[in-house]
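What follows is a single structure, written as structure tokens, with notes after it.
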Amino acid sequence: MTAADLDLPLIASGKVRELYDLDDRLLLVASDRISTYDVVHPNGIPDKGKVLTGISVFWFDKTAHIIPNHYISATDGVPDKVRGRAMVVKKLTMLPVECVVRGYITGSGWKDYQATGRVSGIQLPPGLRESEKLPAPIFTPSTKADEGHDEPIDLERAAEILGDRELAGRLRDVSIALYSHAAGLAAERGVILADTKFEFGIDEADPARPLVLGDEVLTPDSSRYWPVEGYEPGHGQPSFDKQYVRDWASSTGWDKAPPAPEIPADVVAGTRARYVEAYELITGEPFDGWLSRTS
Ligand SMILES: N#Cc1c(N)ncnc1-c1cnn(Cc2cccc(F)c2)c1
């Protein structure tokens, strides 16, 4: 699968997203590409990009009272070719720290905890089980790696990288406030928000140089969502959106090294259904509503 190939200057491209230049703004495009075990499959999931964009727009609206964000529009200025899966956003000076908040101990955090009893330098109580809810959400920042995985850092190192101890503390406080608010709303809808990653920037176009929430926000690609039904500490939890395709990938005997296998039509359809279900559970709205609002 290729990038959206728009007649716009491409600024950046990730595994599943592209960023285009609109002079004083940017166009953030979510593709239908899907990666499992950090490898992108040759065929995508129809409407995945639209689901993730719709979820971001939902959360930008629900969190704007906590911190301003870069979202401008999902219609005005969006080329027809990517309508519904692209956002016009403010051009920010992005901060070089990934702001991860964990409400549950899992993934790389679980591995660090098993090895050291700590995550990103934060001492946790002994005896926690995998996937257990933490006594309180923790801020576990990481550096942005160009290749490979981001490196976990503690708050002091984040302050050094930012060159601003107060800003590091603000990123921690705002990230935890955003996570806690979103986790509360998700819980009301029967979904556990286990952890998430925020990215922030400075809006230099504003004389006040405010801190602004950027990137995608609280999507299944930047977060771990688990169904409350069946939640059980002591082992890994099924990913709300990707478990279906991960289970298939594991059943094929694929060694998880590139190239990733082509996803069969039935697994594509089942995965699309999980993404649409995630949109409707998280937002409380029918997915068709997003498509009609942006078509
Ligand atoms: N969001 C945002 C943003 C902004 N509002 N202003 C300036 N820069 C960025 C920006 C730069 N890199 N990224 C990550 C990224 C996102 C999407 C696709 C990619 F390839 C890479 C985000």
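Scanning the stretch 47-72 for residues that are hydrophobic (A, V, I, L, M, F, W, C) and either under 15 Å from the mean Cα position of the chain (by Cα) or surrounded by 22 or more Cβ atoms within 10 Å (Cβ to Cβ) (or both) gives V51, L52, I55, V57, F58, W59, F60. Pairing each residue of the stretch 105-127 that is outside any helix (DSSP H, G or I) with any residue that is acidic (D, E), provided the two are 6+ apart or on different chains, yields C-beta distances under 6 Å for I105/E132; V119/D112; S120/D154; G121/D154.
Consider H41 carefully, then state whether it is farther than 27 Å from A187 by Cα and at pLDDT 95 or above. For H41, the condition - farther than 27 Å from A187 by Cα and at pLDDT 95 or above - is met.
Every condition in (1) out of contact with any Asp or Glu (no Cβ under 9 Å at 6 or more places or on another chain); (2) touching a residue at least 24 places away in the same chain (Cβ under 8 Å); (3) away from the ligand (no atom under 16 Å from the Cβ) holds for L218 except the one numbered (3). Taking (1) modelled with pLDDT of 95 or more; (2) aliphatic (A, V, I, L, M); (3) assigned to a helix (DSSP H, G or I) in turn, A208 satisfies each apart from (3). Each residue in the stretch 200-244 was checked for being in contact with a His (Cβ under 8 Å, 6 or more places away or on another chain) and of a type in the set (A, V, I, L, M, F, W, C), and 2 pass.
Taken over the stretch 1-33, the criterion of being in contact with a strand residue (DSSP E or B) (Cβ under 7 Å, 6 or more places away or on another chain) and either among the β-branched types (V, I, T) or on the phi > 0 side of the Ramachandran plot (or both) is satisfied by I11, V16, V29. If you check G77 against the conditions, is it in a loop (DSSP other than H, G, I, E, B), loosely packed, with under 14 Cβ neighbours inside 10 Å and either under 18 Å from the mean Cα position of the chain (by Cα) or on the phi > 0 side of the Ramachandran plot (or both)? For G77, the condition - in a loop (DSSP other than H, G, I, E, B), loosely packed, with under 14 Cβ neighbours inside 10 Å and either under 18 Å from the mean Cα position of the chain (by Cα) or on the phi > 0 side of the Ramachandran plot (or both) - is met.
Picking from residues in the stretch 12-42 that are of a type in the set (S, T, N, Q) and more than 10 Å from the ligand (Cβ to nearest atom), the one that is surrounded by the fewest Cβ atoms within 10 Å (Cβ to Cβ) is S35. Assessment of the stretch 11-21 against the conditions (among the polar types (S, T, N, Q) and assigned to a strand (DSSP E or B)) yields at least one matching residue. Just one residue in the set V245, V191, V267 is touching a helix residue (DSSP H, G or I) at 6+ places or on another chain (Cβ under 6 Å), farther than 26 Å from V88 by Cα and without any contact (Cβ under 8 Å) to a residue 40 or more places away in the chain; that residue is V267.
Within the stretch 8-25, residues that are within 19 Å of H149 (Cβ to Cβ) and modelled with pLDDT of 95 or more sit with their Cβ atoms under 6 Å from residues that are among the hydrophobic types (A, V, I, L, M, F, W, C) and within 7 Å of the ligand (Cβ to nearest atom), at 6+ positions apart or across chains, in these pairs: A12/L19. Take A278 and tell me if it is under 21 Å from the mean Cα position of the chain (by Cα), loosely packed, with under 15 Cβ neighbours inside 10 Å and in a helix (DSSP H, G or I). Spelling it out, it is not the case that A278 is under 21 Å from the mean Cα position of the chain (by Cα), loosely packed, with under 15 Cβ neighbours inside 10 Å and in a helix (DSSP H, G or I).
Quick check on this structure: which one of L134, L92 is touching a residue at least 24 places away in the same chain (Cβ under 8 Å) and within 16 Å of the ligand (Cβ to nearest atom)? Among L134, L92, only L92 is touching a residue at least 24 places away in the same chain (Cβ under 8 Å) and within 16 Å of the ligand (Cβ to nearest atom). The residues listed here are A269, A249, A273, A260; of these, the one that is assigned to a helix (DSSP H, G or I), modelled with pLDDT of 95 or more and over 21 Å from the mean Cα position of the chain (by Cα) is A269.
The values are calculated or read from the model by the stated rules, or taken from the named source; none is laboratory data. Predicted model, so just to flag it, every value in this text is computed and none were measured. Neighbour counts are summed over all protein chains in view; Cβ atoms, including those assigned to glycine, are modelled from backbone coordinates with ideal geometry.
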